[in-house]
Amino acid sequence: MWPLGHAAIAYICYSIYARTSLERPPVHRPILAVIVGSQFPDLVDKPLAWYLGVLPTGRTLAHSLLVLVPLTITVYILADRYGFTLAGIAFGIGALSHALVDAAPALWGGTDPGFLLWPVVPVESYENGAPTVTELFLASLNDPYFLSEFVFAAIALVLWRRDGYPGLAPINAALSRSSTAEQRP
């Protein structure tokens, strides 16, 4: 799945968590954590596999539940210790949803979910070297799974609007401070 789909699904999951467990819509700070968490596995694995060649594929170390679960627990404990409990939960929801969504095509034979238990379960290295982003994008264009990302993004956008655009207020405040500073002589 591409970054848009991971962010959308993570937001949907976090919004559902906030509305059911906290009985309110999401608030600003955890939204940043859920978005960072939703991208985290790819931000670690893709560069290490594609550009540095130290991992066999772009879905290994940070996609493995053997690494991701202890990491999200550690992030939660640290966030809780410093008073950012919801951000720790949001990061975990984002990161874990990423790995599980990447494994979803296994349900219809589209991928091997073995990466979820790497390095205990080996994964096959790239045959002809790491793919380029352009190659992956072009190969995705006719894939219904890729097209579903836009459906999830639309659902997340509607939900985000319904939730009151959490995460947007701090950005608007920063932008208004910078424009006010520019107007001063």
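Go through Leu117, Leu61 for me and flag whichever is touching a residue at least 40 places away in the same chain (Cβ under 8 Å), under 19 Å from the mean Cα position of the chain (by Cα), farther than 17 Å from Tyr17 by Cβ and loosely packed, with under 15 Cβ neighbours inside 10 Å.
Working: Leu61 fails: loosely packed, with under 15 Cβ neighbours inside 10 Å.
Every option except Leu117 fails the conditions.
Which of the residues spanning the range 67-102 are within 15 Å of the chain's Cα centre (by Cα) and not aliphatic (A, V, I, L, M)?
Residues satisfying the conditions are Thr72, Gly88, Phe91, Gly92, Gly94, Ser97, His98, Asp102.
Could you check the range 156-173 and list, in sequence order, the residues that are in a helix (DSSP H, G or I) and surrounded by 15 or more Cβ atoms within 10 Å (Cβ to Cβ)?
As a first pass, look at the range 156-173 and keep what is in a helix (DSSP H, G or I): 156-162, 168-173.
Ala156, Leu159, Trp160, listed by residue number.
Only one of these is in contact (Cβ under 8 Å) with a residue 60 or more places away in the chain and of a type outside the set (A, V, I, L, M, F, W, C): Glu149, Glu135, Glu127. Name it. Show your work before the answer.
Details: Glu135 fails: in contact (Cβ under 8 Å) with a residue 60 or more places away in the chain; Glu127 fails: in contact (Cβ under 8 Å) with a residue 60 or more places away in the chain.
Selected residue: Glu149, the only one of Glu149, Glu135, Glu127 that is in contact (Cβ under 8 Å) with a residue 60 or more places away in the chain and of a type outside the set (A, V, I, L, M, F, W, C).
Anything in the range 130-144 that is at pLDDT 85 or above and either part of a helix (DSSP H, G or I) or under 18 Å from the mean Cα position of the chain (by Cα) (or both)? List them, or say none.
Across the range 130-144, the qualifying residues are Val133, Thr134, Glu135, Leu136, Phe137, Leu138, Ala139, Ser140.
Within the group Pro56, Pro25, Pro105, which residue is farther than 24 Å from Ala156 by Cβ and either over 16 Å from the mean Cα position of the chain (by Cα) or among the aromatic types (Phe, Trp, Tyr) (or both)? Outline the logic, then answer.
Details: Pro25 fails: farther than 24 Å from Ala156 by Cβ; Pro105 fails: farther than 24 Å from Ala156 by Cβ.
Result: Pro56 is the single residue among Pro56, Pro25, Pro105 that is farther than 24 Å from Ala156 by Cβ and either over 16 Å from the mean Cα position of the chain (by Cα) or among the aromatic types (Phe, Trp, Tyr) (or both).
The values are calculated or read from the model by the stated rules, or taken from the named source; none is laboratory data. Predicted, not measured: the structure shown is a model, and the values here were computed from it. Using ideal geometry, Cβ is built from the backbone for each residue, glycine included, and neighbour counts are taken over all protein chains shown.
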